[in-house]
Amino acid sequence: MATSKMSPIDKLDHAKGAASPAVTIVLYGDYDCPHTRASYPILEKLMREQPDVGLVFRHFPLRQIHPNAEMLARIAEGAAKQGKFWEMHARLMLHRRAIDESDVMRDAREIELDMDRVREDIAASDAIGKRIERDVQSGRASGVHSTPSFFFGDALHDGHYDYGTLKARLEEARAS
């Protein structure tokens, strides 16, 4: 596990789990990345098993290789503005194939988002663009170059993300 300087967690981050976590996992992810989506059930299992752990999601859309990455990050941020980030996050993470705009719109309707606001957020919200870019810059400054990339505490892990590996990294962070 590499040591890197991660940007501090703050009130703008999307966080869930323990209010005062023993360890916080920060995931830099891209909703259009099949590997990021494959990590979702593993992280959810760890969160269920470890109630003293926190999880933070930060956007790291790989725009050059994932054509819908920016749009998907925008829809998640738009959902956050409507108080439903984690609901949309789960929907986006559970797709097992490439996600297109019709999938996203269906997901948005199913979690009862204001569809006019969703369309506006996808199209041109400067605030949302700046919010996503904040995460991207944070990731770059922290040594992130691919998705999914995880921080366990301040330690960067961008290797295997199977259950056993992530659980071992979590236990290493807990012990340090």
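If we keep just the residues of the stretch 117-133 that are charged (D, E, K, R) and buried (at least 16 other Cβ atoms within 10 Å of the Cβ), which is farthest from the chain's Cα centre (by Cα)? Give the derivation first.
Narrowing the stretch 117-133 to residues charged (D, E, K, R): 117, 119-121, 126, 130-131, 133.
Now restrict to residues that are buried (at least 16 other Cβ atoms within 10 Å of the Cβ): 121, 131.
Details: D121: 18, R131: 13 Å.
Only one residue fits best here, namely D121.
Name the residue that is surrounded by the fewest Cβ atoms within 10 Å (Cβ to Cβ), counting only residues in the stretch 59-78 that are part of a loop (DSSP other than H, G, I, E, B) and more than 12 Å from the chain's Cα centre (by Cα). Full working, then the answer.
Initial filter on the stretch 59-78 (part of a loop (DSSP other than H, G, I, E, B)): 60-68.
If we keep only those that are more than 12 Å from the chain's Cα centre (by Cα) too, we end up with 62-68.
Values: L62: 17, R63: 13, Q64: 7, I65: 11, H66: 20, P67: 11, N68: 19.
Checked the stretch 59-78; the qualifying residue surrounded by the fewest Cβ atoms within 10 Å (Cβ to Cβ) is Q64.
If you filter the stretch 134-176 down to residues that are surrounded by fewer than 16 Cβ atoms within 10 Å (Cβ to Cβ) and acidic (D, E), you find that the one that is modelled with the lowest pLDDT is D154. Here is the figure for the stretch 68-93: residues that are touching a helix residue (DSSP H, G or I) at 6+ places or on another chain (Cβ under 7 Å), of a type in the set (G, A, S) and farther than 18 Å from P34 by Cβ total 2.
Please tell me if G143 is under 19 Å from L12 (Cα atoms) and touching a residue at least 40 places away in the same chain (Cβ under 8 Å).
Values: under 19 Å from L12 (Cα atoms): no; touching a residue at least 40 places away in the same chain (Cβ under 8 Å): yes.
So G143 does not fit the description; no.
Comparison of A124, A98, A155, A108 shows that the only residue that is within 28 Å of P21 (Cβ to Cβ) and out of contact with any His (no Cβ under 7 Å at 6 or more places or on another chain) is A155. The residues on offer are R109, R174, and the sole one that is closer than 28 Å to P51 by Cβ and in a helix (DSSP H, G or I) is R174. The listed residues are D13, D103, and the only one of them that is under 13 Å from the mean Cα position of the chain (by Cα) and of a type in the set (D, E, K, R) turns out to be D13. The single condition among (1) outside any loop (DSSP other than H, G, I, E, B); (2) among the β-branched types (V, I, T); (3) more than 20 Å from I128 (Cβ to Cβ) that V56 does not meet is (3). Considering the stretch 16-45, and only residues there that are among the hydrophobic types (A, V, I, L, M, F, W, C) and surrounded by fewer than 19 Cβ atoms within 10 Å (Cβ to Cβ), the residue that is farthest from N68 (Cα to Cα) turns out to be A22. Applying the criterion of being charged (D, E, K, R) and in a loop (DSSP other than H, G, I, E, B) to the residues of the stretch 80-101, the residue that is surrounded by the most Cβ atoms within 10 Å (Cβ to Cβ) is K84.
Among A22, A18, A80, A38, which is under 16 Å from V104 (Cβ atoms) and either among the small types (G, A, S) or touching a Phe, Trp or Tyr at 6+ places or on another chain (Cβ under 8 Å) (or both)?
Values: A22 fails: under 16 Å from V104 (Cβ atoms); A18 fails: under 16 Å from V104 (Cβ atoms); A38 fails: under 16 Å from V104 (Cβ atoms).
Answer to the selection: A80.
The values are calculated or read from the model by the stated rules, or taken from the named source; none is laboratory data. Note that the structure is predicted; figures quoted are calculated from it, not measured. Neighbour counts are summed over all protein chains in view; Cβ atoms, including those assigned to glycine, are modelled from backbone coordinates with ideal geometry.
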